[in-house]
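The values are calculated or read from the model by the stated rules, or taken from the named source; none is laboratory data. Treat the numbers as computed from the prediction; the structure is a model and nothing was measured. Reconstructed Cβ throughout: ideal geometry from the backbone, glycine too, with neighbour counts over all protein chains shown. Accessible surface areas use protein heavy atoms only, side chains included; no ligands, DNA or RNA. Shrake-Rupley method; radii C 1.70, N 1.55, O 1.52, S 1.80 Å.
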Amino acid sequence: MRLRRTASVTRRAALALGMAVALIALGAEGADAVATEGEYVGPSAGPTAPTAEKPESKLWFTDGTWWSVMIGDTGGHRIFRLNADTQAWSDTGVVVDTRSTAHVDALFSGSKLYVASHVFRANGGASGNPSRLYRFSYDAAANRYTLDGGFPQTINDWSAETLVIAKDSVGRLWATWTQQGAVWVNRTTSGDSAWGTPFALPGGGSIASDDISSVIAYGGNRIGIMWSDQNGDQSMKFVSRADSATFSPTPTFSAVEVAIAGSGIADDHINLKTDSSGRIFAATKTSKDNDSDPQVLLLIRGAAGGWTSRTVGRVVDNHTRPIVLIYERQENPRLYVFATASDLERIYFKETSLANPSFTTGLGTPAIDGAAVNDATSTKANLSDASDLLVQASGSSYRHYWKPLPK
C-alpha cells in the first residue's frame, strides 16, 4: 500500500486523532440538498482502528435507526445504537467479539444481523486465529439484538488484513480473504450455522502479500468476488457464479475478468456496491506516482458485463481508502465516494449521478474535518430517504468515536 506523506501530516501528528461520524442529509433535490451536519467526540474506541478495513462495513440502518459495531469503553466489540434526536451513540450492552485485535464486517439481512470478525494482520496472516460468524436476531419491541443459539461459528482458522461477507439470493453466506499469496473463499453449506471447507479461488493465486479481496451479491442471483493483484499484470480482477441451492464442495466460477490493468493501477483498496440493474461499482486505488495520474478510481461493471473506469481523484489530491455509497431513488439517483485526504487527515466526498458517474477534479467536499481521521466506513446497503447517510472514520492515537451534531 503506497501512501504519500508530507510536512502537513507531520505537523498534525501532535493533534488528538479520533473517530468521527458525519451525517449527511439526503434531500429530494439531490446535490443541492446535501449538507454535512458536523461532528464531535464520542466514547473511547479502544486499542484498534475500529473503522478499518477498506472493504468492510460497520454500520447498518433498520427500524428507523442507525446501528454500529463499535468498541466500547470496557473494550471489545459491542452493538451501539444512534439516538436520532440527540445524535448520541448508546452502548446496548450486546457483546460481539471480545478480541481487541479483531476487525468486523456487518451485514443486516431480513431480521438478522451477521457480523464476521477476524484477527487483523497486514501483509499476510497466520493460523490459530479463527475468523468467526456471529448472528443476532432483532427484537423491534425491545430495540435490542440477541445472539442466536449455536453462534459464533468458525469461518476459517486464519488472521488476515480483511474478511468480507455477503448473502446470496438462496440464503447462502459467502466470505473471502487473502492467505499466503492467494484469494480464499468459504460459504455455508445450508442455513447460516454450517460452513464448508475454505478453498483457494481458481485464478486468484500469485498475488502480493499486501493484496485483498471482497465479495458482493448482485444482479438478483449472482455472487461476485473482486481482488487486487499487484504482481503479474498489476490489475483488479473479478469472478462470479450463479446462485444455487445445491451445495457444491468445489464451486465453479466464471473466467477471470480483468476490470482494469496497467503499470501501478492496482493497490489493496476495494469497496463494492451494486444497484438494482445489476451494475457493480468498485472504489479502488492505484499505486501511481505522477501528480496528474489517477489515484482513486470508480470501476463500473455493466449489468451485462464489461468494465469501465472513472477517475475520482488524482495523485496530487492524495486520496486513500475510498468507499462508495448509492442513493437509488426514483428521480435523480446519486452515487457518493468518500475518501481520506491523507495530507490533511480529513474525510472528503464527491457526489455524482448514478446513471452516468463523472467527478470534478480536486479534493471534493469536507465530510469529517473536525479531527485527524482515516478509514471511512458505512453500510453495505443502499441508502434511502429514511436513512440519510452516515459515515464513520477513526484515527490512530486517542481512538475516540466522533458523532454528528444534532440536526
Leaving ligands, DNA and RNA out of it, report the carbon-plus-sulfur percent of the accessible area of segment 79-235 at a 1.4 Å probe. 47
Normalised alpha carbon radius of gyration of the chain [divisor 2.2 N^0.38 Å]: 0.91
Roughly speaking, what is the centre-to-centre gap between segment 215-293 and segment 345-385 when only Cα atoms are used, to the nearest Å? 21
List 173, 147, ordered by accessible area with a 1.4 Å probe, largest first: 147, 173
What's the lysine pair count for the chain at a Cα cut-off below 16 Å, pairs eight or more apart or interchain? 17
Sorted by average packing, counted as other Cβ atoms within 10 angstrom per residue and highest first, what order do 199-206, 353-360 take? 199-206, 353-360
Toward the positive end of the charge dipole of the chain, about the Cα centre and with charges on Cβ (Lys, Arg +1; Asp, Glu -1), which of 386, 356, 166 goes farthest? 166
Defining a contact as two alpha carbons under 8 Å apart and six or more residues distant in sequence, what relative contact order in percent does segment 125-261 show? 17
Work out, in µm²/s and without decimals, the Stokes-Einstein translational diffusion coefficient of segment 242-313 at 25 °C, 0.890 mPa s, Rh from Kirkwood over C-alpha pairs. 175
Ranked by how many other beta carbons lie within 10 Å on average, peptides 226-239, 250-263, 325-338 from highest: 226-239, 325-338, 250-263
Counting pairs of alpha carbon atoms under 8 Å apart in space and at least six apart in sequence, what relative contact order in percent does the chain give? 21
Under 5 Å between amide H atoms, partner at least 5 residues away or on a different chain: which partners does residue 219 have, H built in plane at 1.01 Å? 278
So with the 1.4 Å probe, I'd like the accessible area per residue for segment 71-217, rounded to whole Å². 35
Relative contact order [Cα under 8 Å, 6+ residues apart], segment 234-392, whole percent: 15
